[in-house]
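S.K.: If you scroll down you'll find the structure; I have some questions about it.
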Amino acid sequence: MRQENLIYNKQSGVAFITINRPDSENRINEALSQDMREVVSDISKDEDISVVVLTSVGDIFCMGDDEPLRDIQGKLSSNDLETYLKNNMVASAISSLEKPVICALNGHAISHGLELALACDIRISSNRSFFGFPGISEGSMPWDGGTQRLPRSIGLAWGMDLLLTGRLVNAKEALKIGLVHKVIPKTKVLGEAFSLANKIALMAPIATRYMKEAINKGMDLTLEQGMRLEADLNIILQTTIDRAEGINSFLERRAPLFKGE
Amino acid sequence: MSDFETVKYIKNDDVAEVVLNRPKVLNAYNIKMRDEIYQVFSAVQEDPDVACIVLRGEGDRAFCSGADLTEFGSSPSRVIARDVRWERDVWGLLLSIEKPIIAALHGYVIGSGLEMALLCDLRLAAQDSIFILPEAGLGMLPAAGGSQTLPRTIGIPRANEMLLSGNQFDVYGALDFGLVHKVVSGDTIVDVAMTLASELARYPRGPMVAIKKAIRRGIELPLEPALNMELRIAVGSMAIDS
């Protein structure tokens, strides 16, 4: 399947979403946002897919929006601006996926591009990438989850630093503050993401889906409530064929064969 | 000393040692151990002599290799399994202990072993420690709160990697993540943990208990009520009539 702005393909249980606007620094516009929602909808219905990799064509992951907010702000009514922003959302589409999403950062992720990366679960980056929210210097703020997902991912101190100063961090600092998990040469990023995706694809797919739910939903709960969520999801997993296979394979010292049932 | 089968309980003045004691099976956690941990920590909670607790594993190879899978699937129904989980809520009990608990880790720290360590307040680890959460590869989730305590301890992104991929981490990875606070050489881990426990035990107990309570409760609240709670707890622990 090929959208105008995205390339979408599947390989052994892993779905690849590749932003394909290299001539425009892979910037986001309404059409790309629409394509992203369609692809996400397909992935969530596709039982063959248990893991997703998000990346871009070229040397830049995503530099932000096609039309910078500075050109729009102050020109639209509240209603029109809200509609405009909703039509350009991409992070909220990615974060609605119940399946784990790995972000293969082939290059810079700036502003809305970083919001998109933050909606993924695991981030692997090229050693030449820069990250940040420079919009503050022009008087704009993130609106696709950046002010919420950044501090939740890297903590309040670093989150404040990046959002208030608008400074960019390089891959090395991003690794140190936990914004990305791994930093490697650009040519190896996609391969590394695919290899991690394959590893996750070998896990029981219902368990990885529930794991993501337990982590993300649980963090919005008190610890006691979160532990009850975890326990209840575990009880539901006890009814799955895969859970019995997992235990049997362990006791029989062989690799498990999960079916997603 | 104690008459338990799967744990040892040792009191050294004001420091209590709880030792997972099934070294032949790498201290695998089973139902018997659950019941004995429950008894030990219930007693520790009440014991006015004890000011600080060290949790460690017996033997050279493991703190705890996780749940004993040979006992899995022994529950007659899901309804009963769910009831049993809360009938004897050993993990809730561990979280409710007011005194500081130090986990002294070495060797394999796997599955519920790592989850147990995450229910402690401080984690020291020997250089040979290995950390794995293998549950997703067994078709299940952690069952001792790991999906909740790990992201709260090391952040969501890093927790995602450990929990979704089942990847193994060595002690320096764990230190880098903030999963452990300090790395020490293997032969000194118990001494270092006991020394730290003795230091904590010497501090005035009221504020020690109050700090732990303020952190654990406050992290769950919006900031404003959390600040009010801190003030109430501080007044309660430091006023002349408290």
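Bear in mind these aren't lab numbers, they're just calculated from the coordinates by the rules spelled out. Remember, predicted model here, so these are calculated numbers, not experimental data. So basically every Cβ, Gly included, is an ideal-geometry build from the backbone, and we count neighbours across all protein chains shown.
S.K.: Check which residues have an amide H placed less than 5 Å from A:PHE130's amide H, if you skip close sequence neighbours.
M.R.: Amide H to amide H, under 5 Å and 5 or more residues apart or across chains, A:PHE130 pairs with A:HIS108, A:ALA109.
S.K.: In Å, what is the Rg of the alpha-carbon atoms in chain B, and how long is Dmax?
M.R.: 18.0, 55
S.K.: For chain A, place one equal point scatterer on every Cα, skip the solvent, and apply the Debye formula. What is log10 of I(q)/I(0) at q = 0.07, 0.09, 0.11, 0.17 Å⁻¹?
M.R.: Debye curve over Cα of chain A, log10 I(q)/I(0) at q = 0.07, 0.09, 0.11, 0.17 Å⁻¹: -0.26, -0.43, -0.63, -1.36.
S.K.: Moving on to the next point. Give the value in nm², to one decimal: projected area of the alpha carbon convex hull of the range B:93-165, averaged over all directions. Walk me through the numbers on the way to the answer.
M.R.: Details: hull surface 19.4 nm².
Computed as one quarter of the Cα hull surface, the answer is 4.9 nm².
S.K.: Output the 0 to 90 degree angle, nearest 10, between the alpha-carbon long axis of helix A:223-237 and the longest principal axis computed from the alpha carbons of chain A.
M.R.: Taking Cα atoms only, the helix is inclined about 50 degrees.
S.K.: Now a separate question. Within the set A:LYS45/A:LYS172; A:LYS10/A:LYS186; A:LYS172/B:LYS213; A:LYS188/A:LYS259, which residue pairs have Cα atoms separated by over 27 Å?
M.R.: Details: A:LYS45/A:LYS172 37 Å; A:LYS10/A:LYS186 22 Å; A:LYS172/B:LYS213 36 Å; A:LYS188/A:LYS259 30 Å.
Check vs 27 Å cut-off fails for A:LYS45/A:LYS172; A:LYS172/B:LYS213; A:LYS188/A:LYS259.
S.K.: Using alpha carbons only, how many degrees (0 to 90, rounded to 10) separate the axis of helix A:205-218 from the longest principal axis of chain A?
M.R.: Between the helix axis and the principal axis of chain A, the angle is about 50 degrees.
S.K.: Could you give the angle, 0 to 90 degrees to the nearest 10, between helix A:30-45's Cα long axis and the longest principal axis of the Cα atoms of chain A?
M.R.: That helix lies at roughly 10 degrees to the long axis.
S.K.: Sort A:TRP143, B:TRP86, B:TRP91 by Cβ crowding within 10 Å, fewest neighbours at the top. Provide the component values of the computation, followed by the final result.
M.R.: Numbers: A:TRP143 18, B:TRP86 10, B:TRP91 25.
Listing A:TRP143, B:TRP86, B:TRP91 from fewest to most nearby Cβ atoms yields B:TRP86, A:TRP143, B:TRP91.
S.K.: Also: Evaluate the charge dipole of the range B:1-150 about its Cα centre and quote only its size in Debye, nearest 20, assuming +1 on the Cβ of each Lys and Arg and -1 on the Cβ of each Asp and Glu. Let's see the in-between values first.
M.R.: Values: 14 positive and 22 negative charges, 104 e Å.
Dipole of the range B:1-150, to the nearest 20 debye: 500 debye.
S.K.: Using a 10 Å cut-off on Cβ to Cβ distances, tally the other chain neighbours for every residue of A:113-124 and report the average as a whole number. Intermediate results must be reported in sequence, preceding the final value.
M.R.: Details: counts 0, 0, 0, 0, 0, 1, 0, 2, 7, 6, 3, 1.
Mean shielding count: 2.
S.K.: I need the fraction of alpha carbon pairs in the range B:118-242 separated by more than 21 Å, rounded to a whole percent.
M.R.: On the way: 4225 of 7750 pairs.
The share of Cα pairs beyond 21 Å in the range B:118-242 comes to 55 percent.
S.K.: Here's something else I'd like to know. Could you point to the residue in B:GLY92, B:VAL25, B:ALA136 farthest towards the positive end of chain B's charge dipole, with +1 and -1 charges on the Cβ of Lys/Arg and Asp/Glu respectively?
M.R.: Checking the options against the dipole of chain B, the answer is B:ALA136.
S.K.: Further, regarding this structure: Let me have the 222 nm mean residue ellipticity of chain B computed from DSSP H runs of 4+ only, each contributing -39500 (n - 2.57), with the sum over all residues rounded to the nearest 500. Don't skip to the end; give the middle numbers.
M.R.: Values: 10 runs with 110 residues, N = 242.
Using -39500 (n - 2.57) per qualifying helix, the result is -14000 deg cm²/dmol.
S.K.: So if I restrict to the alpha-carbon atoms in the protein assembly as shown, what is the Rg, and what is Dmax, the biggest pairwise distance, in Å?
M.R.: Just the Cα atoms of the protein assembly as shown yield Rg and Dmax of 24.2, 77 Å.
S.K.: Something else now. Out of every Cα-Cα pair in the range B:130-199, what percent are more than 20 Å apart? Kindly include the intermediate steps, with their values, before the conclusion.
M.R.: Numbers: 900 of 2415 pairs.
The calculated P(r) of the range B:130-199 puts 37 percent of pairs beyond 20 Å.
S.K.: Which Cys in chain A stand alone, with every other cysteine's Cβ at 4.7 Å or more from theirs?
M.R.: Isolated Cys, chain A: A:CYS62.
S.K.: Please say if the range A:117-229 is rounded, prolate or oblate, where rounded means a/c under 1.5 for a ≥ b ≥ c the square roots of the C-alpha gyration tensor eigenvalues, and otherwise the choice is prolate for a/b larger than b/c and oblate otherwise? Walk me through the numbers on the way to the answer.
M.R.: Values: a/c = 2.50, a/b = 1.19, b/c = 2.10.
Oblate, since a/c reaches 1.5 and b/c is not below a/b.
S.K.: Something else: Which value, in Å to one decimal place, does the Kirkwood hydrodynamic radius take for the range A:149-211 when every pair of different Cα atoms is included? Mind showing how you got there, number by number?
M.R.: Working: mean 1/r = 0.0721 Å⁻¹.
It is 13.9 Å.
S.K.: Let me ask something else about it. Summing +1 for each Lys or Arg and -1 for each Asp or Glu, what net charge is found among the other residues whose Cβ lies under 12 Å from the Cβ of B:VAL44? Present the calculation step by step, with values, prior to reporting the outcome.
M.R.: Values: positive: B:LYS11, B:LYS99; negative: B:ASP14, B:GLU17, B:GLU46, B:ASP47, B:ASP49, B:GLU98.
With Lys, Arg at +1 and Asp, Glu at -1, the net is -4.
S.K.: Can you list residues from other chains, or at least 5 along the same chain, whose modelled amide H is less than 5 Å from the amide H of A:LEU6?
M.R.: A:ASN20
S.K.: Let me ask something else about it. Residues of A:199-207, mean number of Cβ from any other protein chain within 10 Å of their own Cβ, rounded to a whole number? It would help to have the intermediate numbers written out before the result.
M.R.: On the way: counts 5, 8, 0, 4, 10, 6, 2, 3, 9.
Partner Cβ neighbours, averaged per residue: 5.
S.K.: Still on this structure: Would you please classify the overall shape of the range A:71-150 from the alpha carbon gyration tensor, given that a ≥ b ≥ c denote the square roots of the eigenvalues, rounded means a/c under 1.5, and beyond that prolate means a/b larger than b/c while oblate covers the rest? Mind showing how you got there, number by number?
M.R.: Details: a/c = 2.82, a/b = 1.47, b/c = 1.92.
Since a/c reaches 1.5 but b/c is at least a/b, the shape of the range A:71-150 is classed as oblate.
S.K.: Where the Cα atoms of the range B:4-123 are projected onto their three principal axes, how long is each span, largest first, in whole Å?
M.R.: Principal extents (Cα only, largest first): 44, 31, 24 Å.
S.K.: For the range A:33-166, what is one quarter of the convex hull surface built on the Cα atoms, given in nm²? It would help to have the intermediate numbers written out before the result.
M.R.: Values: hull surface 34.5 nm².
For the range A:33-166, averaging the hull's shadow over all directions gives 8.6 nm².
S.K.: Now, a different point. Regarding the range B:173-227, what is the average projected area of its C-alpha convex hull, in nm²? List each step's numbers first, then the result.
M.R.: On the way: hull surface 21.6 nm².
Over every viewing direction, the Cα hull of the range B:173-227 projects on average to 5.4 nm².
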